[in-house]
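Take a look at the structure set out below.
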Amino acid sequence: MRPELGVCYYPEHWAEEIWAEDARRMAETGIKWVRIGEFAWSRLEAVEGVLTWEWLDRAVAILADAKLNIVMGTPSATPPKWVVDKYPDMLAVDIDGRPRQFGSRRHYCFSHLGYRREAARMAAAMAERYGRHSAVQAWQIDNEYGCHDTTLSYSEAARCGFRDWLAQKYQSPDALNRAWGNVFWSMEYANFNDIDLPNLTTTEANPSHWLDFRRFTSEQVVAFNRAQIEAMRPHTDAPFIHNYMGRVLDFDHFAVGADLEIASWDSYPLGALERTLREDDDDWKAHFARQGDPDFQAFHHDLYRAVGQGRWWVMEQQPGPVNWAPYNPIPLNGMVKLWTLEAIAHGAEVVSYFRWRQAPFAQEQMHAGLLRPDHENAQAQIEAREVADELAKLGALDHKDAEVAIVFDYESQWAWEIQPQGQGFDYFRLVFEQYRALRKLGLNIDFLPAQTDDFGKRKLILIPALMAWNDNLRKAIDRFDGTILAGPRTGSKTQNMQIPTPLGPHFAGAKVARVATLRPNMSIPLENGGAIINWHEELEGKDAVEKTAEGQTILMRDGKNFYHFYLGGWLDQSGYLRILTDLCAAQNIKTTNMPEGIRQRAVGNKTLLLNYNAFGVKINGQKLPPASAFWY
């Protein structure tokens, strides 16, 4: 695979006289792909049924003349006002019962069938027009599902759809009542039409009710995405893509990805540092304020590589300060290049920058681009050109499965949002902290969906906080001869989100008798170093491998299968590093203790060494300047 660069472009934002010059400069920068069209509905169809293609035809022709490949976006994330007037009940409703309004973007409810048909109609019209154009080499469906908290909607369309979904799943109210345990608090239903959405209740709604609503909502995203693809398939052979986001977990990306050829995501390291990671750690944020967290981007590269079954892009790479985070610093010189090379080392086919030129108007005018608003090159353009030169010398990269993988489960994310049991428990954070420890050990990491039935030739599998077992995953475990580390909370619920009998986890001979959640200023030391934080389980069973300083079992090994381990707690980094080092050594997996802010990614016979620090570091005989990446 020979990776390439791309950029997001909005010809409708600029005078047509500069389009050709823009295309020429893109090509000179080393850009090969250009994404257009995903927000242009009002310019394509200002009045219902009156389609105005001519301007987009000319833009496509200009980009094609410059030998640029085009990713054409469907514009369903920004329905024009006439669409909202046609379907006034298409607007999503928030958890407090307030409808969203027109005047921004993503103002629709996934469950609204009328809007779903409208979006599919527009997508089909675009595919009919451009589906066989030689320059249109890929399609992006919609834009950033879930952005702005728009996956969950409590509209009348969602209410009606949810009732129908429940009727199809359970067939009878009695079956639903048993599955949900509705005898509790006299919540039993006599008719599916009596069931409301789980918001606006006096206190918490039944967690089984919530979980089914989350499943239903995720399936609406899948259906919305699929409707456009099915409408477009007859008119194009180009691959379909969606651009997911960082730490947006409201729907199952694996399920959406099953209808797509390529996964992509939008990588904003500095904005993510401020909004989604270590919210209470100001020192950490200050240290990496101009570089981003050393593991957040890599985590999503690896996750979306799994979602795309090996094919994935970065559709939007941060090029400079953004406009939407609490604080928006300028990246250190070199970071745009580092972020790009890191994505490529993780298998990205294309890294596309957002955007070509900074907009001088509207909501994103403070969001940097490769060009400044005055058309001058920004620092990111200089670094993109450097990456293009480096890629020309680098050649093809050989990507292979990692020796270590983490099982990732969206339903477990929803389940532990619904019933965290303590403020400190967050599924994403737990998985991320285990991923961070593996990265600190210098390892490549893969992700696998919870429905996988085969772990391949990997040697170590981590299964953190899996709500409930499924038959496929059990098959994968049965045929695997490597090491498996499960827990905490794994197997602690049934598929209906009830406590199983006998008690879980049903793995490694362990039984969880009681659980405790710990305050942020509390921890439980381990006898050999490290500590339990956030979540602690009292385990029953015979084969203890690790205990707390007070003698309580925290890590157990199966008495029959010595490669199955259960960890009954959330550990700090020192605890994870020590235990994971031992598990890797038992499988002959080579580990390297990486200094703070230094990471690596092996690709075939090459390794990319990355310095996320704002200061230089000497490692492996190489002096790494601040904010730099080096192949060896």
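Of 508, 465, 486, all but one fail to be assigned by TED's automatic domain parsing to the domain that holds residue 411, without any contact (Cβ under 8 Å) to a residue 60 or more places away in the chain, buried (at least 24 other Cβ atoms within 10 Å of the Cβ) and over 21 Å from the mean Cα position of the chain (by Cα); the exception is 508. Restricting attention to the stretch 540-556, the residues that are crowded, with 17+ Cβ neighbours inside 10 Å, in contact with a Gly (Cβ under 8 Å, 6 or more places away or on another chain) and of a type in the set (D, E, K, R) add up to 1.
So for the stretch 196-205 (the condition being surrounded by 21 or more Cβ atoms within 10 Å (Cβ to Cβ), at pLDDT 95 or above and in contact with a Phe, Trp or Tyr (Cβ under 8 Å, 6 or more places away or on another chain)), does at least one residue qualify? Yes, some residue in the stretch 196-205 is surrounded by 21 or more Cβ atoms within 10 Å (Cβ to Cβ), at pLDDT 95 or above and in contact with a Phe, Trp or Tyr (Cβ under 8 Å, 6 or more places away or on another chain).
Within the stretch 511-533, the set of residues being over 22 Å from residue 558 (Cβ atoms) and surrounded by 17 or more Cβ atoms within 10 Å (Cβ to Cβ) comprises 518, 523, 524, 530, 531, 533. Going by the structure shown, is residue 37 within 19 Å of residue 341 (Cα to Cα) and in the same structural domain as residue 130 (by TED's automatic domain parsing)? Taking the combined requirement at face value, the residue does not satisfy it.
Inspect all residues belonging to the stretch 236-247 and state whether any of them is assigned to a helix (DSSP H, G or I), of a type in the set (D, E, K, R) and more than 17 Å from the chain's Cα centre (by Cα). Checked the stretch 236-247: no residue is assigned to a helix (DSSP H, G or I), of a type in the set (D, E, K, R) and more than 17 Å from the chain's Cα centre (by Cα). Of all residues in the stretch 131-172, those satisfying the criterion of being touching a residue at least 60 places away in the same chain (Cβ under 8 Å), surrounded by 16 or more Cβ atoms within 10 Å (Cβ to Cβ) and among the charged types (D, E, K, R) are 142, 144.
Screening 368, 362, 402 for residues that are part of a loop (DSSP other than H, G, I, E, B), among the small types (Gly, Ala, Ser) and under 29 Å from residue 469 (Cα atoms) leaves exactly one candidate, 402. For the stretch 248-272, the candidate set comprises residues that are surrounded by fewer than 24 Cβ atoms within 10 Å (Cβ to Cβ) and under 18 Å from residue 297 (Cα atoms); within that set, the residue that is farthest from the chain's Cα centre (by Cα) is 271. Consider the stretch 570-594 and keep the residues that are among the β-branched types (Val, Ile, Thr) and farther than 24 Å from residue 422 by Cβ. The one that is surrounded by the most Cβ atoms within 10 Å (Cβ to Cβ) is 589. Checked against (1) within 30 Å of residue 201 (Cα to Cα); (2) touching a strand residue (DSSP E or B) at 6+ places or on another chain (Cβ under 9 Å), residue 416 passes all but a single condition, namely (2). Taking the criterion of being of a type in the set (Asp, Glu) and at pLDDT below 95, the only residue of the stretch 546-589 that qualifies is 558. Annotation for the stretch 101-109: at least one member residue is surrounded by fewer than 20 Cβ atoms within 10 Å (Cβ to Cβ), closer than 30 Å to residue 154 by Cα and small (Gly, Ala, Ser).
The values are calculated or read from the model by the stated rules, or taken from the named source; none is laboratory data. Quick caveat, the model's predicted, so the values are computed rather than measured. All Cβ positions, even for glycine, are placed from backbone atoms using ideal geometry, and neighbour counts span all protein chains on display.
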